2 protein chains.
Amino acid sequence: MQQSIQLSVDAVVFGYEAGNISILLIKRKYEPFKGKWAIPGGFVLDDESLEEAVERELKEETGIKINYLEQLYTFGKPNRDPRGRVVSIAYFGLIRPNAFKIYASTDAAQVQWFHIDELPELSFDHKEILDAAIKRLKAKITYEPLGFELLDNKFPFSDLEKLYSTLLGREVDRRNFRKKIIGLNVLDELDEKVSKGSGRPANLFQFNKKRYFHLKKEGIIFEI
Amino acid sequence: MQQSIQLSVDAVVFGYEAGNISILLIKRKYEPFKGKWAIPGGFVLDDESLEEAVERELKEETGIKINYLEQLYTFGKPNRDPRGRVVSIAYFGLIRPNAFKIYASTDAAQVQWFHIDELPELSFDHKEILDAAIKRLKAKITYEPLGFELLDNKFPFSDLEKLYSTLLGREVDRRNFRKKIIGLNVLDELDEKVSKGSGRPANLFQFNKKRYFHLKKEGIIFEI
DNA sequence: CCAAAAGTGTTTCGATTACACCCATGC
DNA sequence: GCATGGGTGTAATCGAAACACTTTTGG
């Protein structure tokens, strides 16, 4: 049994900021698809775990270190890579774009956030991977609390609300949403206010980590 | 970039019959773990897709051809296989145990259905894979219609009900369950009855394939 | 006629939805 | 004082849950 299959990992990284969902892409420095945009990723080394591989590649290619990464799906069609048989394990991650400075390095000629509705043409079968990731992300918010990974440590309630309405692609009722979230008991209200220039200043909240991760594990069903 | 990682696929196959959930295991013919039980699976060939690989291995090792297979998760810890670095893509499948005759062949010394509560010790990290599969199966029935793959073509309503109560591990209200399922419009009622020896004979139903797969794709939320 | 499983409706309860006005601040 | 975003409660509606008796057959 001698195989010549190579193994890679790829990461779809979602960022959220001020009502915009974006995705982190790199411009490829080498063939194949030189000069084209792609999801960050690369080959797995013999002695590292898959998670270590994604984290390393992300760091190398884009400069970010991500806190939330989840395995998405494994793509393995025989001809998905022109270099030969490459099977790729795709991950998806969430991050606050402003939490890290992105910079191109090995393998990447350039790194850039793209708005989810303005994506360039992608290399390999990365469009397919990305579509799967978007689908998963949208499904996730209906059965898990989400936000900790995407919002600042302290945030006004309206940020969370806008995050959800953006991800859901529709308006949410402000009062009902607040009731629901407060009822989940994942937020701690702080004795701090913030003003956005005009209007009444908002109370700041932060996620109660313990309760948050507990709920994630339980897989709370949670309709907005 | 020269890797020496090998790629395999494994399949957790669930069977259901008369109120019992069982899992298909093989007894390994060769080292490592010779003589121990394991999930069927094996190495991916260079020119076949991952799905083709699982189907082939299942056929070779157990004799079954499965209609419903879904990718579960990819396991890739560096030391999960004593032979070296092997990354395995796990699938899970559903089947009616009586639909196929199982028989051992290549790589397998024996093939057997095990009741889900009476599993033997397993090789490699297969216990972990199995646990993930069980978790997924139990989650699935709450957001997808399920049953087509596990029940006979024609079945009395009580079979579906028993399937659900078994998978959920609790009683379901007969009237409410029936209302719910009928409301989904996935069943066609036949003009045929079947008697189970005693009691009133039951009407037979069958799944309306078109509607069933439509609902699956939509990902209906469906609380029992 | 008795045992055994199938079939069937209504009421109760809780959760989701819809909806509008006052509050605190900056300019 | 006015423009801007923040904060709050109640009534109506819908879906889920609870619940028990009648029907059909075999023995």
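Just so you know, all these numbers are worked out from the coordinates, no wet-lab data involved. All values reported here derive from a predicted model rather than from experimental measurement. Because the Cβ atoms are built from the backbone with ideal geometry, glycine has one as well, and the counts that use them run over all protein chains shown.
Only four residue types carry charge here, +1 at the Cβ of Lys and Arg and -1 at the Cβ of Asp and Glu. Report the dipole size of chain A about the Cα centre in Debye, rounded to the nearest 20. Dipole size: approximately 640 debye. By DSSP, the beta bridges lying fully in the protein assembly as shown are antiparallel in about 75 percent of cases. Distances between copies at A:G84, taken between label points 7 Å from Cα along the C-beta direction, are 1.4 nm in increasing order.
Plainly put, the tip 7 Å out from Cα toward Cβ on B:D117 is 5.4 nm from that tip on each other copy, the closest given first.
Looking down the axis that turns chain A into chain B, the chain A residue with its beta carbon nearest that axis, and the gap rounded to whole angstrom, comes out as A:T74, 2. Normalised by the number of residues in chain B, the average gap of Cα pairs under 8 Å and 6 or more apart makes the relative contact order 21 percent. Spatial offset of region A:93-140 relative to region B:131-156 amounts to 34 Å, using the alpha carbon center of each.
Step through the table entries A:K77/B:K210; B:K162/B:K210; A:K162/B:K217; A:K77/A:K127; B:K180/B:K209; A:K217/B:K140, compare each Cα-Cα distance with 20 Å, and write down the pairs that go over it. Long pairs (Cα-Cα over 20 Å): A:K77/B:K210; B:K162/B:K210; A:K162/B:K217. In terms of the Cα gyration tensor, with a ≥ b ≥ c the square roots of its eigenvalues, is the protein assembly as shown rounded because a/c is under 1.5, prolate because a/b exceeds b/c, or oblate? Judged from the Cα gyration tensor, the protein assembly as shown comes out oblate (a/c at least 1.5, b/c at or above a/b). For B:R56, inter-copy separations between label points set 7 Å beyond Cα along the Cβ vector come to 2.9 nm, shortest first. A Förster distance of 56 Å, applied to the separation of the beta-carbon atoms of A:K179 and B:E60, puts the FRET efficiency at 0.50.
Modelled spin-label separation between A:S158 and A:D131, with each label point placed 7 Å from Cα along the Cα-to-Cβ direction: 3.7 nm. For peptide A:73-79, the mean count of partner chain Cβ atoms within 10 Å of a residue's Cβ comes to 6.
Of the residues A:A133, A:S49, A:Y143, the one whose Cα sits farthest toward the positive end of the charge dipole of chain A, with +1 on the Cβ of Lys and Arg and -1 on the Cβ of Asp and Glu, is A:Y143. Which FRET efficiency, nearest 0.05, do B:E51 and A:K193 yield, Cβ-Cβ r, R0 41 Å? Given R0 = 41 Å and the Cβ-Cβ separation, E is 0.15.
Is region B:6-140 rounded, prolate or oblate when judged by the Cα gyration tensor, a ≥ b ≥ c being the square roots of its eigenvalues, rounded requiring a/c under 1.5 and prolate requiring a/b larger than b/c? Rounded is the answer for region B:6-140, as its axis ratio a/c remains below 1.5. Taking 0.36 nm per residue of sequence separation and removing the Cα-Cα distance, the B:T166/B:E31 pair yields an extension gain of 45.0 nm. Applying the criteria of a DSSP loop state and at most 14 other Cβ atoms within 10 Å to the trypsin sites (Lys or Arg not before Pro) of region A:30-118 yields A:K34, A:K65, A:R83, A:K101.
Considering helices alone, the calculated mean residue ellipticity of the protein assembly as shown at 222 nm is -8500 deg cm²/dmol, with DSSP H runs of length four and up weighted by -39500 (n - 2.57) and normalised per residue. Taking label positions 7 Å along the Cα-Cβ direction at both B:F114 and B:S4, the computed distance is 3.2 nm, reported to one decimal. Enter the angle in degrees (range 0 to 90, nearest 10) between the Cα long axis of helix B:126-140 and the first principal axis of the Cα atoms of chain B, meaning the one along which they spread out most. Helix B:126-140 and the main axis of chain B meet at about 30 degrees.
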